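Structure first, commentary second.
The values are calculated or read from the model by the stated rules, or taken from the named source; none is laboratory data. As the structure is a prediction and not an experimental result, all values here were calculated from the model. Please note: Cβ atoms are built from the backbone with ideal geometry, for glycine as well, and neighbour counts cover all protein chains shown. Quick note on the areas: whole protein, heavy atoms, side chains included, nothing else; ligands and nucleic acids left out. Shrake-Rupley method; radii C 1.70, N 1.55, O 1.52, S 1.80 Å.
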Amino acid sequence: LPLCFPQKLWKMLESGQFRSIWWSEGGKCVAINKDLFKVEVLGRGVCQRVFNTRHFTSVIRQLNLYGFTKMQRDFQRSASLPEFLSEEDAVSAHSQILYYYNPSFNRAHPWLLGMCKRR
């Protein structure tokens, strides 16, 4: 039987083969470097494809269908203009990283994976 989306995602995270996707927040969230993911995962040839798509929006749609929610990252910004401007580069690089959470998708509790059902 082919693996469902959450199972494929889990295998990717546990494989250590991908630099574009990893566990964050102590294994409670999935972190995705958007630009690197497009090249490293979605840009693969047909035989090596993980997902049946080449479009990042389709992957996001699958995350949403399986109950993942996007986590917002709040950055404490400096009040002084020079410091604020120097922080901009770090924040813009960090904005390429998306975080998704699902209470049933937790590295420490693999048995919960079966609870990730399509809506």
(request) Would you point out the residue of the range 20-34, among those that are touching a strand residue (DSSP E or B) at 6+ places or on another chain (Cβ under 6 Å) and either within 13 Å of Met71 (Cβ to Cβ) or of a type in the set (Phe, Trp, Tyr) (or both), that is most open to solvent (accessible area, probe 1.4 Å)? (result) Trp22
(request) May I ask you to list the residues in the range 13-23 that are charged (D, E, K, R) and part of a helix (DSSP H, G or I)? (result) Glu14
(request) Kindly establish whether Glu83 is closer than 30 Å to Leu112 by Cβ, modelled with pLDDT of 70 or more and among the acidic types (Asp, Glu). (result) no
(request) Taking only the range 24-54 into account, find how many residues are part of a helix (DSSP H, G or I), closer than 18 Å to Glu14 by Cβ and among the hydrophobic types (A, V, I, L, M, F, W, C). (result) 1
(message) Can you tell me which residue is modelled with the lowest pLDDT among those in the range 86-119 that are aromatic (Phe, Trp, Tyr) and not in a strand (DSSP E or B)?
(response) Trp111
(request) Test Gly43 against the stated conditions and say whether it is open to solvent by less than 90 Å² (accessible area, probe 1.4 Å) and modelled with pLDDT of 95 or more. (result) no
